[in-house]
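To start, the structure itself, in structure tokens.
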Amino acid sequence: MSGHAFFETIAIAFEVVGVSAMAIGFVVAVGIAIRAWVVSRSGATAFTTLRQSFGGVILLGLEVLVAADLVRTVTSTPSLTDALVLALIVLIRTVLSFSLQIEIDGVAPWRRALVTGPEVIGRAAARSGAGSRAARSGEASGGAGGDASGSN
């Protein structure tokens, strides 16, 4: 296998991973949203959870797809056209990622600490029921206020 064919295979693998992450992530995001709806019985909470978790999945997928484009362009025969096409693709995906980040967080990224795609998904999953489970387990164990350190 030549070097070019090897890197082309790597680029295709990145593309498959990026698209798979978005497809599987969509199913997971729907599952998280359904769980949020079951726990909270609030359609608004479920919708917000779905939007935030799927937005994080799309961000993750876009990051992987940009990596695929970089591998493909860097390993191809260098030309100004290839560089311009890569620049345009990265620009479009960056603007899309930026817009999604603002939509998910509700504020511009420079006004809030950077949040990666997996952190957004984790936060959405935690909000969908982990908080209510912790409160219920604190009540069941007789804890008032949820202090896990124990009082002496």
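The values are calculated or read from the model by the stated rules, or taken from the named source; none is laboratory data. It should be emphasised that the depicted structure is a prediction, and the values quoted were computed from it without experimental measurement. Note that each Cβ is placed from the backbone with ideal geometry, even for glycine, and that neighbours are counted across all protein chains shown. Each accessible area value is taken on the protein alone, full model and side chains, heavy atoms only, with ligands, DNA and RNA left out. Shrake-Rupley method; radii C 1.70, N 1.55, O 1.52, S 1.80 Å.
Here are some notes:
- Flag: Val90 matches the condition of being open to solvent by less than 50 Å² (accessible area, probe 1.4 Å) and among the hydrophobic types (A, V, I, L, M, F, W, C).
- Every listed requirement among (1) within 22 Å of Val39 (Cβ to Cβ); (2) of a type in the set (A, V, I, L, M); (3) at pLDDT 75 or above is met by Leu70 save one, (1).
- Filter result for Val85 (modelled with pLDDT of 55 or more, aliphatic (A, V, I, L, M) and over 28 Å from Phe47 (Cα atoms)): yes
- Consider the range 1-23 and keep the residues that are polar (S, T, N, Q) and either open to solvent by 50 Å² or more (accessible area, probe 1.4 Å) or over 13 Å from the mean Cα position of the chain (by Cα) (or both). The one that is farthest from Ala124 (Cα to Cα) is Ser2.
- Condition check for Phe6: part of a helix (DSSP H, G or I) and farther than 19 Å from Glu103 by Cβ: yes
- Search result, residues across the range 75-95 that are within 22 Å of Gly3 (Cβ to Cβ) and either touching a residue at least 60 places away in the same chain (Cβ under 8 Å) or not hydrophobic (A, V, I, L, M, F, W, C) (or both): Thr75, Ser76, Thr77, Pro78, Ser79, Thr81, Asp82
- Restricting attention to the range 24-52, the residues being within 17 Å of the chain's Cα centre (by Cα), among the small types (Gly, Ala, Ser) and within 12 Å of Ala126 (Cα to Cα) number 1.
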